[in-house]
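Step one of this worksheet: look at the structure below.
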Amino acid sequence: MKDMVDGTSYEILADYSFTNDTIIFRKQGNLIYSTIRGGEFPEEGFTKWYNLSIIRLLDNTKDLSLSQLTLEELEWVDFEIYNEVSMLQEITVQFANLYGEG
C-alpha cells in the first residue's frame, strides 16, 4: 500500500483459491474500496469499503505493517475483513462506521 496513490484504481488477478476473477482496490485517505468481479460475482462487481483502522481490530491482521503491504497481501486482508465483518448477522458497535457495502 505504500505506493498506492489516492483515487487511483489497481486491478489484480485474484488468487487461484478465491471464487472471483479480479479485484480492484482504490485508496481514498484512510478508506479502501474493493470491488470483486467475475467468477461467482457479477461482472460489474461487488464493492465494499473499509477504514484502514479496522485492520488493527481483527485478530488475523492486527500485527501487519500497513505501509509495507503488497496488493496481493491486501487481497488476503480484504478477504479476512469480508469474512470476519460482513458475515456478522449484525455489525457490532466495534465495526460501526468502519465497514460498508455498495
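The values are calculated or read from the model by the stated rules, or taken from the named source; none is laboratory data. Every value quoted in this text rests on a predicted model; they were computed, and no experiment measured them. In this analysis, Cβ positions are derived from the backbone assuming ideal geometry, glycine residues included, and neighbour counts consider all displayed protein chains. Surface accessibility is based on the protein's heavy atoms, side chains included, excluding ligands, DNA and RNA. Shrake-Rupley method; radii C 1.70, N 1.55, O 1.52, S 1.80 Å.
Numbers below:
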{"quantity": "Candidates 30, 20, filtered to the one that is on the phi < 0 side of the Ramachandran plot, at pLDDT below 90 and among the polar types (S, T, N, Q)", "calculated": "20"}
{"quantity": "Scan of segment 57-80 for residues that are β-branched (Val, Ile, Thr) and either modelled with pLDDT of 85 or more or on the phi > 0 side of the Ramachandran plot (or both), ordered by number", "calculated": "70, 77"}
{"quantity": "Breaking point among (1) on the phi < 0 side of the Ramachandran plot; (2) assigned to a loop (DSSP other than H, G, I, E, B); (3) at pLDDT 85 or above, for residue 2", "calculated": "(3)"}
{"quantity": "Breaking point among (1) open to solvent by 80 Å² or more (accessible area, probe 1.4 Å); (2) without any contact (Cβ under 8 Å) to a residue 12 or more places away in the chain, for residue 60", "calculated": "(2)"}
{"quantity": "Residue in segment 26-51 that is nearest to residue 70 (Cα to Cα), counting only those that are touching a helix residue (DSSP H, G or I) at 6+ places or on another chain (Cβ under 6 Å) and surrounded by 13 or more Cβ atoms within 10 Å (Cβ to Cβ)", "calculated": "34"}
{"quantity": "Residue, modelled with the lowest pLDDT, within segment 87-101, restricted to residues that are part of a loop (DSSP other than H, G, I, E, B) and open to solvent by 80 Å² or more (accessible area, probe 1.4 Å)", "calculated": "89"}
{"quantity": "Subset of segment 54-86 (residues that are among the aliphatic types (A, V, I, L, M) and either in contact with a His (Cβ under 7 Å, 6 or more places away or on another chain) or not in a helix (DSSP H, G or I) (or both))", "calculated": "58, 64, 69"}
{"quantity": "Where a residue in segment 1-15 is within 13 Å of residue 72 (Cβ to Cβ) and its partner, wherever it lies, is acidic (Asp, Glu), with Cβ under 9 Å and at least six apart", "calculated": "1/73; 12/72; 12/75; 13/21; 14/21; 14/75; 15/72; 15/75"}
